[in-house]
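The next block holds one structure in the form of structure tokens; read it before the comments.
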Amino acid sequence: MAAGRVIVVTGASRGIGRAVAVGMAQPGSQVIVNYNASPGPAQETAELVGQKGATPHLLQFDIADPESVKNAFKHIVDKFERVDVLVNNAGISRDNLLAIMKSSEWDEVMNTNLKGAFLCSQAVVKPMMRQRHGRIVNVTSVVGVIGNAGQCNYSAAKAGVIGLTRSLAREIVSRNITVNAVAPGFIETDMTRALPQKAREMLLTQIPAGRYGTPEDVAAAVAFLASESAGYITGQVIHVNGGMYMG
Ligand code: NAP
């Protein structure tokens, strides 16, 4: 099962999603590289996946749009007749203090980070139940557990992803499908590079490891949870944060 798997990674055009797609690529596997608005970087991911001997498939869809998700997964299931692994990685942030947060900033973050994970999970659950096998790994965040000033929308969405993970795990474990989450701390990607330098320096003081994480640090935990060896692990949250929070 491991080599010929059909693996879907949302938000694989860059950052953590790219590292996940490349990290799980093996000769014989089919890796669906999803992106929303960045076809160029997604193509680069696809090339890296191909260099690992897997077959990459670029697929644009907006995880926050029910029709877009429905069509994309119909295409995937029609083509491959199975989905072995779904990694719900795509996410956005729209940081602001709650007192001045726009309703649109709340909605965009909820619709992408939480509803997107719901929509994509719903799209794979039936095929996974039919094949009596599957792995779903959700990328949440340390701030979904400990909170963060300026990120009420993002923290709430990521906490919601943990609730989704645990409930869905209970619903489908009897069909040999596991659902787990990985909670990164602060990882060097476009998302954190957008933070002001002062905030980045302050955050570094909170990481006992003394460095930001890399996308590959996160990808290793995702790959383990998606592996055959992790078949008895479900409903868990693995923290990948250099010691900043120990759940
Ligand atoms: P990133 O570099 O900003 O990349 C985000 C990815 O999500 C891109 O590939 C983007 O694709 C995709 N995406 C965004 N909206 C989408 C949509 N509506 N539909 C489909 N794809 C969409 O972010 P990252 O830092 O790698 O973060 C990846 C995940 O880890 C996110 O869920 C994030 O919340 C989580 N996380 C990150 C950190 C961190 O420190 N970086 C910490 C904890 C958790 P396009 O470019 O094509 O739009």
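Descriptive notes on the structure:
- Restraint check, Lys52/Lys74; Lys74/Lys115; Lys74/Lys158; Lys126/Lys158; Lys52/Lys115; Lys74/Lys126, Cα-Cα greater than 22 Å: Lys52/Lys74; Lys74/Lys158; Lys126/Lys158; Lys52/Lys115
- Built amide H within the under 5 Å cut-off of Val237, gap 5+: Ala181
- Share of carbon and sulfur in the accessible area of the stretch 76-204 stands at 54%, probe radius 1.4 Å.
- In the stretch 6-240, a dipole from Cβ-located charges (positive for Lys and Arg, negative for Asp and Glu) runs towards its positive end, and of Ala25, Ile162, Ala219 it is Ile162 whose Cα lies farthest in that direction.
- Between Gln43 and Glu188, the distance separating the two model label sites (each 7 Å from Cα on the Cα→Cβ line) works out to 2.7 nm.
- Length gained on full extension, Thr55 to Asn176, computed as 0.36 nm times the residue gap minus the Cα-Cα distance: 41.0 nm.
- Cα-projected label distance for Lys79 with Ala220, points at 7 Å along beta-carbon direction, nm: 3.2
- Computed lengthening from Glu67 to Leu203, 0.36 nm per intervening residue step minus Cα-Cα distance: 45.1 nm
The values are calculated or read from the model by the stated rules, or taken from the named source; none is laboratory data. For clarity, every value in this text was computed on a predicted model and none was experimentally measured. Backbone-built Cβ (ideal geometry, glycine too); neighbour counts: all protein chains shown. We work out accessible area using only protein heavy atoms, side chains counted, and drop any ligands, DNA or RNA first. Shrake-Rupley method; radii C 1.70, N 1.55, O 1.52, S 1.80 Å.
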